[in-house]
Amino acid sequence: MKLIAVKGLFGGAGTTTITANLAHAMRRRKHPVIALDLCATNSLRLHFGMPIGDPRGLFRSGQLVEDLRDAAFETDNGLIYLPHGEIDEQPDRSDIEGILEGLYQLLQRFESPQELIVFIDVPNSESTILNWLTTHAELMLHVLTPEPRVYPALRYFSRITWPQIQHQGLRHAMLLNQCAPHLELSRDIADLLRRELDPHLLVPTFIQRDQHIPEALATQQTTFDFTLGAQANVEFAAIAEWLEAQLEVQ
């Protein structure tokens with residue numbers, strides 16, 4: 001089982017959109033894929049057409065479900081989406097650690113778990129989840145957008161977050177999202193980031209700002225479902241191919 005965590009350097013970087021579309025892109029490449037929402041806002045469901053009133057989720061009456069298939073929502077192409085569900089009050093750190101370990105065991109009960117690829121939409125500020133991912137995930141994608149907020153966010157990341165999540169077995173990569181080469185500020189910041197960041201950390205394909213993405217979200221679809229002609233689909237497909245090489249899967 002390969003776990004890929006998707007985390008933003010700051011709010012609004014687009015992690016939920018990227019999680020949904022990369023999961024769909026990987027499913028199109030015939031891999032068994034789960035999209036897992038660990039964000040209490042339950043926003044990932046908006047990309048998969050799951051009704052807001054549907055009560056399914058990882059948590060039921062504040063407790064982790066006993067069988068993840070009871071929580072699963074399967075899309076038309078066979079991708080399995082696991083919504084967060086609702087918790088009345090935030091559990092303490094020790095409870096979160098136990099919940100995450102229980103979740104990992106439940107994921108291994110799926111058919112052919114060794115072939116499973118799990119994309120996880122990760123909240124920005126939950127250190128317990130990040131610590132858990134350092135021992136269970138294969139790769140962590142850090143999403144950043146070329147805008148003025150990126151510099152203080154990178155400084156905070158290097159001083160605070162990076163020391164917490166460094167782990168010899170966990171690979172990290174930074175993905176530029178919402179790039180707008182036709183806008184001078186966005187283009188200049190993106191060029192600076194590509195020059196200043198370690199090239200080994202940067203995903204070789206960046207995601208351009210594409211109007212098809214919000215339009216797809218408005219219809220509760222991924223961009224692949226909305227229209228195959230979207231430029232974003234080319235980029236998501238290229239990143240999925242890159243991920244295959246990183247994970248050494250075929």
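The values are calculated or read from the model by the stated rules, or taken from the named source; none is laboratory data. For clarity, every value in this text was computed on a predicted model and none was experimentally measured. Every residue, glycine among them, receives a Cβ derived from its backbone with ideal geometry; neighbour counts consider all protein chains shown. Protein only, heavy atoms only, side chains kept; ligands, DNA and RNA dropped before computing areas. Shrake-Rupley method; radii C 1.70, N 1.55, O 1.52, S 1.80 Å.
Count neighbours as other Cβ atoms within 10 Å of each site's Cβ, and list the trypsin sites (Lys or Arg not before Pro) in region 92-162 that are DSSP loop with at most 12 such neighbours.
When the trypsin sites (Lys or Arg not before Pro) of region 92-162 are filtered for loop state and at most 12 Cβ neighbours within 10 Å, 109 remain.
With Kirkwood's inverse mean 1/r over C-alpha pairs for Rh, give me the Rg to Rh ratio of region 1-96, two decimals please.
Checking Rg against Rh, the ratio lands at 0.96.
Using the Cα centre of region 75-223 as the reference point, and only Cβ charges (+1 on K/R, -1 on D/E), how large is the resulting charge dipole? Debye, rounded to the nearest 20.
680
Of the residues 213, 160, 96, which exhibits the maximal mean-square fluctuation in a Gaussian network model of the chain defined by a 10 Å Cα contact cut-off?
160
Dividing the convex hull volume of the Cα atoms of the chain by its residue count, what figure in Å³ per residue is obtained?
Hull volume normalised by residue count: 124 Å³.
Output wanted: per-residue J couplings in Hz (rounded whole) for region 56-70, from phi through Karplus 6.51 cos²θ - 1.76 cosθ + 1.60, θ = phi - 60°, x for Gly and Pro.
4, x, 4, 10, 10, 6, x, 10, 5, 5, 7, 9, 5, 5, 5
Got a sec? Which residues in region 1-23 would a label at residue 108 touch, if it sits 7 Å along Cα→Cβ and we count backbone N under 14 Å?
Under 14 Å, as judged by backbone N against the label point of residue 108, lie 1-3 of region 1-23.
At a Förster radius of 45 Å, what calculated FRET efficiency corresponds to the Cβ-Cβ distance of residue 29 and residue 61, to the nearest 0.05?
0.75
By how many degrees, 0 to 90 and rounded to 10, does the Cα axis of helix 184-196 deviate from the longest principal axis of the chain?
80
If only Cα atoms are counted, what is the Rg of region 175-226, and what is its Dmax, in Å?
13.4, 38
Please give the length that would be gained between residue 164 and residue 196 if that part of the chain were fully extended, namely 0.36 nm times their separation in residues minus their C-alpha to C-alpha distance (nm, one decimal).
9.3 nm
For an R0 of 25 angstrom, estimate the FRET efficiency from the Cβ-Cβ distance between residue 74 and residue 180 and round to the nearest 0.05.
Computed FRET efficiency for residue 74 and residue 180: 0.10.
Please identify the trypsin sites (Lys or Arg not before Pro) of region 1-31 that satisfy two criteria: DSSP loop assignment and at most 10 other Cβ atoms within 10 Å. Which are they?
Those satisfying the criteria are 30.
Need the full-extension length gain, residue 41 to residue 231, defined as separation in residues times 0.36 nm minus the C-alpha distance. One decimal, nm.
Between residue 41 and residue 231, full extension yields an extra 65.6 nm.
How large is ³J(HN,Hα), in whole Hz, for each residue of region 243-250 in order, when computed from phi with the Karplus curve 6.51 cos²θ - 1.76 cosθ + 1.60 and θ = phi - 60°, using x for Gly and Pro?
My calculation for region 243-250 gives 4, 4, 5, 5, 8, 6, 10, 10 Hz in order.
With +1 on the Cβ of every Lys and Arg and -1 on the Cβ of every Asp and Glu, and nothing else charged, how large is the dipole of the chain about its Cα centre, in debye rounded to the nearest 20?
Once rounded to the nearest 20, the dipole reads 560 debye.
Check which residues have an amide H placed less than 5 Å from residue 85's amide H, if you skip close sequence neighbours.
58, 59
About its Cα centre, how strong a charge dipole does region 1-119 have in debye, to the nearest 20, once Lys and Arg get +1 and Asp and Glu get -1 at the Cβ?
Approximately 700 debye in magnitude.
For residue 2, what residues show an amide H to amide H distance below 5 Å, using hydrogens built from the backbone and excluding near sequence neighbours?
Distant-sequence amide H within range of residue 2: 116, 117, 118.
Of the DSSP beta bridges with both residues in region 4-136, give the percent that are antiparallel, rounding to the nearest 5.
Restricted to region 4-136, the bridges split so that about 25 percent are antiparallel.
Apply the a/c threshold of 1.5 to the C-alpha gyration tensor of region 129-250 and tell me whether it is rounded, prolate or oblate.
It is oblate, given that a/c is not under 1.5 and a/b is not larger than b/c.
Once every DSSP H run of n ≥ 4 in the chain is given -39500 (n - 2.57) and the sum is divided by its residues, what mean residue ellipticity at 222 nm do you get, rounded to the nearest 500 deg cm²/dmol?
Rounded to the nearest 500, the figure is -10500 deg cm²/dmol.
Could you check how much of the accessible area of region 120-250 is carbon and sulfur, as a whole percent, using a 1.4 Å probe?
Taking all protein chains in place, region 120-250 shows 51 percent carbon and sulfur surface.
At what distance in nm do the modelled label points of residue 188 and residue 95 sit from each other, each positioned 7 Å from its Cα along Cα→Cβ?
So the two model labels end up 4.9 nm from each other.
For region 54-158, what does the alpha-carbon gyration tensor say about shape, rounded, prolate or oblate, given a ≥ b ≥ c as the root eigenvalues, a/c under 1.5 as rounded, and a/b over b/c as prolate?
prolate
Considering only DSSP states other than H, G, I, E and B, which GluC sites (Glu not before Pro) in region 61-168 qualify as loop sites with at most 16 other Cβ atoms within 10 Å?
Passing sites in region 61-168 are 66, 86, 89, 111.
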